């Protein structure tokens, strides 16, 4: 995917190799439009120019995509898997800023700001991405008003998410922050955490031990229940009351009168 498709000879069907290239490019273009809001705003001509500039990369679980302090070189569009974006404090503690998934763009902020990366990006599982060098990406943003507007929308949403996280850290007890995190991960009746207890703690500003203790309390209260792949939502109204602070749950004191749930 590094070269431009050569012109087809006049008359007749294109050679098999060229037809294979065309089919491959069309498949990639359709996939990008299906999974990414950002790619969906590009015109056919813009997408045709973009596809040859992309290259595919794979990362194993827990592999670093880029680190804070590095000069940004490429933008990553996630096709498969999830990537955690996080800061590291002076004592080595990680604070997760966001979890990026299928269709999300990673690495774009530093490039658009013209600065080094200020955060780390690490795969949570096997990740497949397509990448584009920052010069090409910046050129596309400058030439496509719809792409630039969509980028501005995405960044505004990210900023809103960061502001909400900061407000929660200041105004909510840790039980409320954890309830919020669980409600954000509701899929039907299932709670798809997709994170370890330690990583959940890193998203809400607490320890792994506190997350484990609170999940146990939530089970005892009947807000959630254990399932083979994690947890299920048992009482959404109660979980929302914990989220708003109407019901306070302490990680230090087990709920009295009912059995304590086992550690997961």
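We did not get these values from a lab; they are worked out from the coordinates using the rules stated. As the structure is a computational prediction, the values presented were derived from the model and not from experiment. Glycine gets a Cβ as well: all are built from the backbone with ideal geometry, and neighbour counts include every protein chain shown.
Normalised by the residues of the range 172-244, what does the relative contact order come to in percent, with Cα pairs under 8 Å and at least six apart? Each step should come with its number before you reach the end.
Numbers: 83 pairs, mean separation 27.6, N = 73.
Here the relative contact order equals 38 percent.
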| remark: Under 12 Å by backbone N from the virtual spin label 7 Å along Cα-to-Cβ at residue 157, the residues of the range 135-150 are 150
| said: What value in Å³ per residue do you get for the convex hull of the alpha-carbon atoms in the range 16-167? | reply: 115 Å³
| said: Pairs of alpha-carbon atoms within less than 8 angstrom and 6+ residues apart define the contacts here; what relative contact order does the range 114-241 have, in percent? | reply: 17 percent
| What's the Cα-based Rg to Rh of the range 172-244, Rh via Kirkwood? | 0.91
